[in-house]
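Engineer: Take this structure first; my questions come after.
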Amino acid sequence: MLHPMTTEPEQQIGVGTQDAFQRLWTPHRMAYIQGENKPTGPEAGDGCPFCEIPEMSDQDGLIVARGKHVYAVLNLYPYNGGHLMVVPYRHVADYTELDAAETAELADLTKRAMVALRKASGAHGFNIGMNQGAAAGAGIAAHLHQHIVPRWGGDTNFMPVVGHTKVLPQLLADTRQMLADTWPTD
């Protein structure tokens, strides 16, 4: 922050060693870091958010589309704008635990998510995948979820590379509505 009468950065006590970098504070991320909304155990009744979300309205749960066996929901802590997850309603941890109908619908909703994201945001590409187990990086290992992360040419700029910060240009509720409006029904 610049002082009104000078071009010198204002010194702020407690922000660490002066290093010529400005700080972008994101205190809302502390909830994620501290594990807010993480299950207390591996069972569906242990506070699993993926079991609780389908009980909410689409707006409150950030649900973009519902199928018979799986649903598509915006990630509350997105890697990029429009980051969706396709999640089975049934509380299973491993991809091999899905039955044939769940597997087919997970694939179908993933394809529909790609179509909606291309139509709504002009996505150039996607990172699609699952982290199976805590050792593989699954934030909620007890409930399977597949990530669909839209990508654009040049979307990796200095903010995530140098600043370890993503800039999301739209509120999640607005992104949810935009994707729900463009979701293919055929």
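Computed from the coordinates by the stated procedures, all read-outs in this text should not be read as laboratory data. Quantities reported herein were computed from a predicted structural model and do not represent experimental measurements. Because the Cβ atoms are built from the backbone with ideal geometry, glycine has one as well, and the counts that use them run over all protein chains shown.
Engineer: If you bin every alpha carbon distance in the range 71-142 into 5 Å steps from zero, what whole percent lands in each bin?
Structural biologist: 3, 14, 24, 26, 18, 10, 3, 0
Engineer: Let me ask something else about it. Once you have the Cα-Cα distance between Q170 and A101, take 0.36 nm times their residue separation minus that, and quote the gain in nm to one decimal.
Structural biologist: 21.4 nm
Engineer: Under a point spin-label approximation (7 Å from Cα along Cα-to-Cβ), what is the Y77-A136 distance to one decimal in nm?
Structural biologist: Going by the 7 Å Cα→Cβ label model, 1.9 nm.
Engineer: In cubic angstrom, how much convex hull volume per residue do the alpha carbon atoms of the range 53-108 span?
Structural biologist: Numbers: hull volume 5.2 nm³, N = 56.
So the per-residue hull volume is 92 Å³.
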